[in-house]
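All of the numbers you see were taken from the coordinates with simple rules; none came from a lab. Source: prediction; values computed, not measured. All Cβ positions, even for glycine, are placed from backbone atoms using ideal geometry, and neighbour counts span all protein chains on display.
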Amino acid sequence: MRYSVKRSKDLSDKEIELILKSWEIENWLDLDASSFKIKFQNSEFHLLEIDSKIVSLARINFDFKLEIQKNLYNFAEFVGFVSIEKMKGYGSFLLNKIVANLTERKIETIGFCKMDLRQFYEKNNIKILYGKGIFITEFENNEWIDSDDDDILIINTSEENINILQNLNEQNKAILI
Ligand SMILES: CC(C)(COP(=O)(O)OP(=O)(O)OC[C@H]1O[C@@H](n2cnc3c(N)ncnc32)[C@H](O)[C@@H]1OP(=O)(O)O)[C@@H](O)C(=O)NCCC(=O)NCCS
């Protein structure tokens, strides 16, 4: 198994095609390689390969800012996590590599998930801020839209910032900038 981290500019056309297919995001399916590289120029891609075949992948998004009580927080966002071949341990293996990588590089990172994946993250010893994902909100098309993810995942975050996220509630939301 080979774990690697690549910037979008270093991905091959074939890899980009596979990533887009695995994400299943309709609006993005038609992105060509050069548009993909520009769109995700502030992301890195964490890949797990077997025999040069990607079996699990995730994106770390550096274009991510939260405003909480007028303060700006520059977390990286763990997103786009998917195993091409599921239930073979690849997702867990990759997740552990990612946590170690970001911790070593001191990159504060959070992610989001729906309730049904709690068991997966608990098994992998990821700290979950239960029910805090819904307090992330975004102003889009002239209205406030709350996130539909239930939980916040602590991938690598200082105790101080965990406390700030833990204190989110209906009256104290985090605004996605
Ligand atoms: C989440 C995901 C990446 C996990 O990858 P994976 O390679 O299948 O996971 P693993 O094989 O390492 O699973 C390890 C354990 O987690 C559990 N698990 C895996 N996927 C699960 C799921 N969707 N729901 C609940 N438990 C799950 C497994 O039962 C397994 O437990 P076991 O070791 O006791 O059998 C994969 O299910 C996936 O691609 N899902 C679709 C996209 C998605 O939801 N991404 C996450 C967004 S936050």
Where does each of Trp23, Trp144 land when they are ranked from fewest to most other beta-carbon atoms within 10 angstrom? Trp144, Trp23
Mind computing the radius of gyration and Dmax over the alpha-carbon atoms of region 2-176? Å is fine for both. 16.2, 50
Looking at this model, which pairs from Lys6/Lys97; Lys6/Lys123; Lys123/Lys173 are more than 19 angstrom apart at the alpha-carbon? Lys6/Lys123; Lys123/Lys173
Using a simple spin-label model with points 7 Å from Cα along the Cα→Cβ vector, what separation in nm is obtained for Lys106 and Asp51? 4.2 nm
What FRET efficiency would be calculated for the residue pair Phe120, Ile162, taking the C-beta separation as r and a Förster radius of 25 Å, to the nearest 0.05? 0.80
Counting Lys and Arg as +1 and Asp and Glu as -1 over every other residue whose Cβ sits under 13 Å from the Cβ of Leu94, the net charge comes to +3
Report the Cα centroid-to-centroid distance between region 115-177 and region 10-32 in angstrom, as an integer. 27 Å
Residue separation between Glu26 and Lys70 times 0.36 nm, minus their alpha-carbon distance, gives in nm 12.4 nm
Once you put a point 7 Å from the Cα of Ser4 and another 7 Å from the Cα of Ser35, both along the Cβ direction, what distance in nm separates them? 2.6 nm
Straight-distance crosslink candidates among aspartates and glutamates, where the alpha carbon sits under 14 Å from Lys86 and sequence neighbours closer than 8 are dropped: Glu49
Evaluate the charge dipole of the chain about its Cα centre and quote only its size in Debye, nearest 20, assuming +1 on the Cβ of each Lys and Arg and -1 on the Cβ of each Asp and Glu. 720 debye
Taking trypsin sites (Lys or Arg not before Pro) as candidate sites, keep only those in a DSSP loop with at most 14 other Cβ atoms within 10 Å, then name the longest stretch of the chain containing none of them. 1-64
Of Met87, Met115, how do they rank once you tally other Cβ atoms within 10 Å and put the fewest first? Met87, Met115
Fewest-first ranking of Ile177, Ile136, Ile152, using other Cβ atoms within 10 Å as the exposure measure: Ile177, Ile136, Ile152
